[in-house]
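Everything below concerns the one structure shown next.
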Amino acid sequence: MAPYLDITCQLRCASLFFITTLLIWIVRYVIRAIRKNKAHISSTLAFIALLNTIFLGVQFNYGNSQIVYGYPAWYILGICTLPLISALIAVWVLIVNSARLITGERKARATGKALFAIITLLHTVYLFYWNFLPVHYS
């Protein structure tokens, strides 16, 4: 058994995290709609999960098959920038929720959102390491 996991297995684990987060958000939204609860559900984390899910889905279905032939511009500038957009949103979420942690309001929610933002940023760094971001294509 190899001491490391191959890149596709690692990306699948990351995609499972973001897909699960997106599905949980959808289920919570539907439950609140059925109960007619007017409580607000944060959509920024769902948007981050959606962007990463789209990127990982297109990467598995299209990107891995085109690796030999090279990627078109729409893929490089469109699909490969989705993790960068989600990282920018994650930085914003981290700043806002760090301020909430400092002021002491909603500590549990702010901590969870900050951890999700940190996981998103670590995932983006991981994608940068494996050359999945558009800064690596010329």
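For Ile67, the conditions (1) without any contact (Cβ under 8 Å) to a residue 60 or more places away in the chain; (2) open to solvent by less than 60 Å² (accessible area, probe 1.4 Å) all hold with the exception of (2).
Select, from Phe47, Phe17, the only residue that is aromatic (Phe, Trp, Tyr) and open to solvent by 80 Å² or more (accessible area, probe 1.4 Å). So the residue among Phe47, Phe17 that is aromatic (Phe, Trp, Tyr) and open to solvent by 80 Å² or more (accessible area, probe 1.4 Å) is Phe47.
Look through Phe128, Phe132, Phe60 and report the one residue that is under 23 Å from Cys9 (Cβ atoms) and either touching a residue at least 60 places away in the same chain (Cβ under 8 Å) or basic (Lys, Arg) (or both).
None of the other options fit; the residue is Phe132.
The residues of the stretch 95-115 that are in contact with a helix residue (DSSP H, G or I) (Cβ under 7 Å, 6 or more places away or on another chain), part of a helix (DSSP H, G or I) and open to solvent by 20 Å² or more (accessible area, probe 1.4 Å), listed by number, are Ser98, Arg100, Leu101, Lys107, Thr111, Lys113.
Residue count for the stretch 71-94 under the criterion of being in a helix (DSSP H, G or I), among the β-branched types (Val, Ile, Thr) and under 12 Å from Phe132 (Cα atoms): the result is 2. Quick check on the stretch 34-43. Is at least one of its residues in contact with a Ser or Thr (Cβ under 9 Å, 6 or more places away or on another chain), on the phi < 0 side of the Ramachandran plot and not acidic (Asp, Glu)? Within the stretch 34-43, not a single residue is in contact with a Ser or Thr (Cβ under 9 Å, 6 or more places away or on another chain), on the phi < 0 side of the Ramachandran plot and not acidic (Asp, Glu). If you go through the stretch 61-93 and keep only what is within 29 Å of Lys113 (Cβ to Cβ) and among the hydroxyl-bearing types (Ser, Thr, Tyr), you end up with Thr81, Ser86. Contact annotation: residue pairs with Cβ atoms under 9 Å, 6 or more positions apart or on different chains, pairing a residue in the stretch 12-26 that is over 11 Å from Leu50 (Cβ atoms) with a partner that is surrounded by fewer than 13 Cβ atoms within 10 Å (Cβ to Cβ) and of a type in the set (A, V, I, L, M), are Cys13/Leu5.
The values are calculated or read from the model by the stated rules, or taken from the named source; none is laboratory data. What you see is a predicted model; the values in this text were computed from it and never measured. Cβ atoms come from the backbone with ideal geometry, glycine included; neighbour counts cover every protein chain shown. For the accessible areas, the whole protein counts, side chains as well, though only heavy atoms, and no ligand, DNA or RNA atoms are used. Shrake-Rupley method; radii C 1.70, N 1.55, O 1.52, S 1.80 Å.
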